[in-house]
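Worksheet: the structure to be examined is printed underneath.
The values are calculated or read from the model by the stated rules, or taken from the named source; none is laboratory data. Just so it is clear, the structure is predicted and the values come from calculations on it, not from any experiment. Methodologically, a virtual Cβ is constructed for each residue, glycine included, from the backbone with ideal geometry; neighbour enumeration extends over all protein chains shown.
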Amino acid sequence: MQDLPQQAFKEEAYELLGELEDSLLELEDQPEDMDIIGQVFRAMHTIKGSGAMFGFTAIAEFTHEVETVFDLVRNGELKVSKHLVDLSLQARDHILSLLNEDSDDESSEQIDGSELVQQFQTLAGQSSPADVAVETQPVVQQSAPVETLQTYRIRFKPNIDILHNGTMIENLLDELSELGTCRIVAHKRNVLPLDQLDPENCYVSWDAILTSPCTQDDIRDVFIFVEDDCELLISIVDTGSDDGDQQIKRLGDILIERGEISQVEIDAVMAKTKRIGDMLVDANLVSRDQIESALAEQQEVRKIKETRKEKAPVSSSLRVPAERLDELVNLVGEMVTVQSRLSQTANSKADPELQSIAEEVERLTEELRDSTLNIRMLPIGSTFSKFKRLVRDISNDLGKKVELETVGAETELDKTVIEQLNDPLVHIIRNSMDHGIEMPEDRLRAGKAEHGTVHLSAEHSGDSVIIQIRDDGKGLDADVLRKKAISKGLMGVGDDLPRQQILQMIFAAGFSTAEKVTGLSGRGVGMDVVKRAIEALRGSISLESETGVGTTVSMRIPLTLAIIESLLVEIGDGSFVLPLSAVEECVELTAADTRESHGRHLANVRGELVPYLPLRQIFDIDGPVPEVQQIVITNINGQRLGFVVDGVVGEHQTVIKSLGPMYRSVQSVSGATILGDGSVALILDIVHLMQQSAATS
């Protein structure tokens with residue numbers, strides 16, 4: 001098991017590598033954008049410095065070579081090229097593989113780091129000759145632009161237990177000193193006598209006066225992994241502008257500005273004849289260390305002659321391990337179950353006071369449930385951004401020109417749902433690029449743009465999110481699909497199926513239209529896996545395609561997999577649950593209606609025939625049938641289907657519990673929930689029941 005600081009570094013590094021990949025892909029499209037170049041450089045610099053501090057020497061040494069090249073780019077000595085972006089993306093992958101070296105992730109691709117280092121060193125060595133002149137004649141010398149030096153005051157006060165997690169403070173101060181001219185003063189007034197001192201605690205704080213062309217963000221990057229374990233204040237005390245009218249701050253003014261002393265105390269001491277520094281020390285108002293630190297700042301500011309103070313921004317976010325959030329959601333789920341039991345007990349007792357308490361607990365529980373689930377909601381853009389690299393790499397492999405467009409990246413989904421969506425989306429995007437998008441010359445002949453487009457979008461729809469992947473490729477040929485389905489035995493030669501049903505054959509196991517096996521497709525594994533994965537999320541998937549125009553794959557995914565609003569129904573002595581998002585309405589089914597249908601499971605709902613399934617027969621439930629039953633009508637992707645139940649209890653907050661290993665093969669049921677009285681209600685798998693109905697009709 002790794003130390004906490006190393007684990008913290010890994011978590012930050014993973015985030016930085018994700019941002020680095022996005023920046024590099026943007027840089028390929030905008031090679032002259034200095035802001036993006038700066039983002040790449042800062043990411044490399046932070047990974048290098050923090051890696052060295054926490055013992056990841058290989059990462060620090062490798063990243064140093066990449067940082068050197070981008071420093072040349074930043075200074076205008078080297079141009080951004082496709083070759084440089086390719087190398088940088090490979091370097092990013094190599095850093096990721098080094099991070100995963102100590103983990104059990106066997107899927108991380110190992111890249112030859114030494115070869116990459118040589119290529120970056122070659123780029124760095126070629127930067128000078130490229131800028132050396134094409135002309136040998138004398139040129140008029142121009143003064144190089146002088147970088148603006150700013151002077152910062154950095155107040156670093158570590159928590160007393162910061163050394164317990166392995167933090168090396170001397171490394172932090174050394175890295176800070178590398179940013180420019182730096183004077184560091186230690187505050188030792190809190191150091192305890194030797195017999196009371198704990199050697200594992202930190203009693204010292206530091207002030208640093210730094211003159212450097214760097215920014216506050218560069219300074220903050222030095223302390224990026226210890227920000228939660230210290231008080232850190234960064235202020236600009238000199239902007240570097242040459243203004244002779246500015247007066248150097250007096251020592252007392254600096255101490256007041258720092259908050260070390262008040263003006264009243266200054267005035268009291270100034271009545272004496274000693275130097276103010278000595279007087280303040282004699283009065284035990286400040287320590288000698290504090291005086292020396294203030295003097296160091298005064299001397300540095302005198303060199304620049306400009307006074308200005310700027311408060312450092314304070315972070316308002318908090319990093320929490322995902323496991324703790326999962327545990328919190330589980331506890332809230334248990335609370336929802338207990339609250340349901342309390343409400344049921346209160347109603348049975350008919351005690352007004354108890355009912356009032358139960359209603360209040362129910363309100364608070366709902367608010368707690370919503371707040372907890374919102375904490376786990378993440379923008380799906382974090383997944384969308386990964387596909388830019390995927391599209392770029394596949395385009396290069398296939399020799400195609402494909403652009404990725406994304407819409408709705410801010411749409412939020414539960415963290416668990418987002419994690420399980422990654423693989424299905426990868427399959428669909430690969431299929432769109434391999435089967436859908438044509439080669440550039442074929443697109444030109446068809447009157448299309450040379451570049452193909454994969455459009456990825458997400459939008460909220462009730463308590464679900466609709467995700468669409470649309471391409472402008474050649475689309476699916478129904479005749480080709482029909483022949484393939486006949487050869488696979490999925491349909492007969494004489495079967496006359498509608499086009500939409502033929503298109504759905506693409507989701508059959510082992511079905512593939514590829515003519516040969518490649519690294520991307522042809523093995524008949526893909527869309528059937530996608531369909532199972534989406535249905536495992538209690539979602540649905542559909543496909544539309546027009547020959548020569550393109551294909552659209554639509555997925556409807558629930559916002560969360562933890563707690564859902566549902567409709568509780570009864571059949572005999574058993575209870576069942578249907579997701580409320582799929583329920584349209586409930587209508588009555590009398591014995592007379594059943595007789596008039598002559599054995600056909602069709603209900604006339606305001607002039608429209610709606611098929612229904614008698615759940616008593618499907619689940620083989622015995623017992624007397626009520627004279628009046630209820631049909632719960634659901635709608636999935638425009639397909640309506642009714643479910644006949646004995647009675648409808650009402651809305652219910654359902655805490656989803658997975659079925660045990662013994663019941664994994666049970667169909668038509670996707671999970672279970674515990675009711676207020678302690679009994680178990682099964683959650684119906686509406687999608688599977690619809691498929692079963694379509695297969696038998």
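Figures for the structure shown
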read-out	value
Extreme residue, surrounded by the most Cβ atoms within 10 Å (Cβ to Cβ), among residues of the range 385-394 that are closer than 18 Å to Leu27 by Cα and among the hydrophobic types (A, V, I, L, M, F, W, C)	Val391
Any chance Val648 is in contact (Cβ under 8 Å) with a residue 24 or more places away in the chain and surrounded by 13 or more Cβ atoms within 10 Å (Cβ to Cβ)	yes
Helices (runs of 4 or more DSSP H) wholly inside the range 322-433 containing at least 1 residues that are under 30 Å from Val85 (Cβ atoms), in the same structural domain as Gln468 (by TED's automatic domain parsing) and in contact (Cβ under 8 Å) with a residue 40 or more places away in the chain	381-384, 386-398, 415-431
Among the residues listed as Thr634, Thr673, the single one being of a type in the set (Ser, Thr, Tyr) and in contact with a Ser or Thr (Cβ under 6 Å, 6 or more places away or on another chain)	Thr673
Neighbours by Cβ (under 7 Å, 6+ apart or cross-chain): first from the range 478-494, without any contact (Cβ under 8 Å) to a residue 40 or more places away in the chain; second small (Gly, Ala, Ser)	Lys488/Gly510; Leu490/Ala508; Met491/Ala485
Pairs where the first residue, in the range 199-226, is free of Cβ contacts under 8 Å to residues at least 12 places away in the same chain and the second is crowded, with 16+ Cβ neighbours inside 10 Å and not hydrophobic (A, V, I, L, M, F, W, C), C-beta under 9 Å, 6+ apart	Thr215/Gln150
Residues that are surrounded by 15 or more Cβ atoms within 10 Å (Cβ to Cβ) and among the small types (Gly, Ala, Ser), drawn from the range 334-349	Ser340, Ser343, Ala346
When residues of the range 570-604 are limited to those that are under 21 Å from Gln639 (Cα atoms) and in contact with a Phe, Trp or Tyr (Cβ under 9 Å, 6 or more places away or on another chain), the one surrounded by the most Cβ atoms within 10 Å (Cβ to Cβ)	Leu578
Ile534 being in a helix (DSSP H, G or I) and modelled with pLDDT of 85 or more	yes
Single unsatisfied condition, Leu192 versus (1) at pLDDT below 85; (2) aliphatic (A, V, I, L, M); (3) in a loop (DSSP other than H, G, I, E, B)	(1)
Thr590 touching a residue at least 24 places away in the same chain (Cβ under 8 Å) and among the hydroxyl-bearing types (Ser, Thr, Tyr)	yes
Criterion violated by Thr136 - all others in (1) modelled with pLDDT of 85 or more; (2) part of a loop (DSSP other than H, G, I, E, B); (3) not small (Gly, Ala, Ser) satisfied	(1)
Flag for Leu285 being in a loop (DSSP other than H, G, I, E, B) and at pLDDT 75 or above	yes
Index of the failed condition, Tyr152 passing every other in (1) of a type outside the set (D, E, K, R); (2) out of contact with any helix residue (DSSP H, G or I) (no Cβ under 7 Å at 6 or more places or on another chain); (3) modelled with pLDDT of 90 or more	(2)
Count of the range 226-248 residues which are charged (D, E, K, R) and modelled with pLDDT of 70 or more	5
Any hit, the range 434-441, residues being more than 22 Å from Thr383 (Cβ to Cβ), touching a residue at least 12 places away in the same chain (Cβ under 8 Å) and surrounded by fewer than 14 Cβ atoms within 10 Å (Cβ to Cβ)	no
Matching residues, the range 678-695, being among the β-branched types (Val, Ile, Thr) and surrounded by 20 or more Cβ atoms within 10 Å (Cβ to Cβ)	Ile683, Ile686, Val687
Positions within the range 195-221 being in a loop (DSSP other than H, G, I, E, B), polar (S, T, N, Q) and at pLDDT below 90, in sequence order	Gln196, Thr215
Tally of residues being touching a residue at least 24 places away in the same chain (Cβ under 8 Å), within 18 Å of Asp218 (Cα to Cα), out of contact with any Ser or Thr (no Cβ under 8 Å at 6 or more places or on another chain) and not acidic (Asp, Glu) across the range 55-68	2
Residue within the range 561-568 that is assigned to a strand (DSSP E or B), charged (D, E, K, R) and surrounded by fewer than 16 Cβ atoms within 10 Å (Cβ to Cβ) present	yes
Which numbered condition Arg363 misses (of (1) surrounded by 18 or more Cβ atoms within 10 Å (Cβ to Cβ); (2) of a type in the set (D, E, K, R); (3) modelled with pLDDT of 90 or more)	(1)
